[in-house]
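Nothing in this text is a laboratory measurement; each read-out follows from the coordinates by a stated rule. If you're wondering where the values come from, they're calculated on a predicted model, not measured in any experiment. Here the Cβ is made from the backbone with ideal geometry for all residues, glycine too, and neighbour counts use every protein chain on show.
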Amino acid sequence: MKLGIIGLPGSGRSTIFEALTHSSADASHKNETKIGMVRVPDERVDVLSAMHKPRKTIYAQIEYFLPRSVGHAKDNKQDQSFWAKVRESDALIHVVRNFLGTGHTEVTPGSDVIALNQELILADLVVTEKRLERLEHENRRGKKYNPDEFSLLKECLENLENEIPLRDVPELAFAQLLRGYAFLSAKPVLVLFNNEDDDEKPPGTPAADIFGEHMVIRGKLEQELAQMTDAEAAEFLAEFSITASAMDRVLRRSYDLLGLISFFTVGEDEVRAWTIRKDTDAVDAADVIHSDIKKGFIRAEVVAYADLMDAGSHAEARKRGTVRLEGKIYQVQNGDIINFRFNV
């Protein structure tokens, strides 16, 4: 899963990227797109690994990327190039300045959220208008086109022209026929208010429905934390009353934002966390591991993490009847430990 970090100039999105990915600033690569793979901390993986003592322990990962700083330019081609990269994201993290900073005399988080949201809407509007023009041109020339796609795009156009982001219209945001357009305003957004070191409070206004999903992060402080050793970090967290690092908190919210859960496979070779969306059927969860497992799917042997912990071992869980066999359409639950039976 990939999350793109966006924000108006001066918001501190590079600082947030460095805090999340534990990377360092590099002036020579300032205007290059940056990518960071981040391990998702999960104490369940730690416990399962201690129980099975595998050769390898593999955590789930999320990819964060920081598009190069060419957006919000006067050149429309540059602007479209910037958004084209952002469209590759599954969700967006919108960094909003909530600190004074050098040369800034006013903090306007509400206006900043609205301004960037309008940019997302405008970028989608350009794509929608161009596609509709193309379909209408093909229609005049007698070429066939999908009338359902055309109808959905007309609905998109109407909403975008009224400055309604497509994420607010689920039937458009999740329409299969529109998936290829990767509309920016249809993507889930987590707003990160980038605060001063001594400020933990979110801005008071405007209303929460304008901010949507949001949380506060003290960017500079968290950036410093990311460069420390574990011992230094523990002391630092205590001094500033931080209960969890930014990476951990944003990762958890990222999972929620994307509707993700984890299931586990265990054995002597490896203990591994796998990432899927909520309500994924067992046969599709098998496909995440390998297409052959999906192809030859027979049954899924499942035990809930809580039941395994209560039993203390797989053998005891079987005795208690909490290890069960499930079919293709079983919806995998967060924390399920699964052994797929298959034959190819």
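Charges only on Cβ, +1 for Lys and Arg, -1 for Asp and Glu: so what's the dipole of the range 279-342 about the Cα centre, in debye to the nearest 20?
Working: 9 positive and 11 negative charges, 67 e Å.
Computed about the Cα centre, the dipole is about 320 debye.
Might you report the magnitude of the Cβ-based charge dipole of the chain about its Cα centre, with Lys and Arg at +1 and Asp and Glu at -1, to the nearest 20 debye? Mind showing how you got there, number by number?
Values: 44 positive and 56 negative charges, 301 e Å.
Computed about the Cα centre, the dipole is about 1440 debye.
Test of the criteria: in the range 161-195, which GluC sites (Glu not before Pro) are in a DSSP loop and have at most 14 other Cβ atoms within 10 angstrom of their Cβ?
Working: sites: 161, 163, 171; in loops: 163.
Within the range 161-195, the qualifying GluC sites (Glu not before Pro) (loop, at most 14 other Cβ atoms within 10 Å) are 163.
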Please report the spacing between the Cα centers of the range 272-311 and the range 215-238 in Å, no decimals.
35
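Please give the calculated 222 nm ellipticity per residue for the chain, where each DSSP H segment of at least 4 residues contributes -39500 (n - 2.57) and the sum is spread over every residue; nearest 500 deg cm²/dmol?
On the way: 14 runs with 143 residues, N = 344.
One gets -12500 deg cm²/dmol as the mean residue ellipticity at 222 nm.
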From the coordinates shown, Cα extents along the principal axes in Å corresponds to which of (1) 80, 60, 36; (2) 66, 65, 40; (3) 103, 63, 51
(2)
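Test of understanding: what is the full-extension gain from residue 35 to residue 168, defined as 0.36 nm times their sequence separation minus their Cα-Cα distance? Can you show the working numbers first?
Details: separation 133, 0.36 × 133 = 47.88 nm, distance 2.87 nm.
Computed gain between residue 35 and residue 168 is 45.0 nm.
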Pairs 34/187; 34/294; 2/220; 278/328: which are spaced more than 25 Å apart, C-alpha to C-alpha?
34/294
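Work out, step by step, the length gained on full extension between residue 132 and residue 301: first 0.36 nm times the residue separation, then minus their alpha carbon distance; give nm to one decimal.
Values: separation 169, 0.36 × 169 = 60.84 nm, distance 4.87 nm.
Length difference between fully extended and current span is 56.0 nm.
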What longest range of the chain stays clear of loop-exposed trypsin sites (Lys or Arg not before Pro) (DSSP non-H/G/I/E/B, at most 11 other C-beta within 10 angstrom)?
145-344
Count the net charge of all other residues whose Cβ sits under 10 Å from the Cβ of residue 257, scoring Lys and Arg as +1 and Asp and Glu as -1.
0
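What are the chymotrypsin sites (Phe, Trp or Tyr not before Pro) within the range 116-198 that DSSP puts in a loop, where the Cβ has at most 13 other Cβ atoms within 10 Å? Don't jump to the answer; show the numbers that get you there.
Details: sites: 145, 150, 174, 181, 183, 193; in loops: 145, 174, 183.
Passing both the DSSP loop test and the Cβ count: 145, 174.
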Work out the charge dipole of the chain with +1 on the Cβ of Lys and Arg and -1 on the Cβ of Asp and Glu about the Cα centre, then indicate which of 306, 267, 221 is farthest towards its positive end.
267
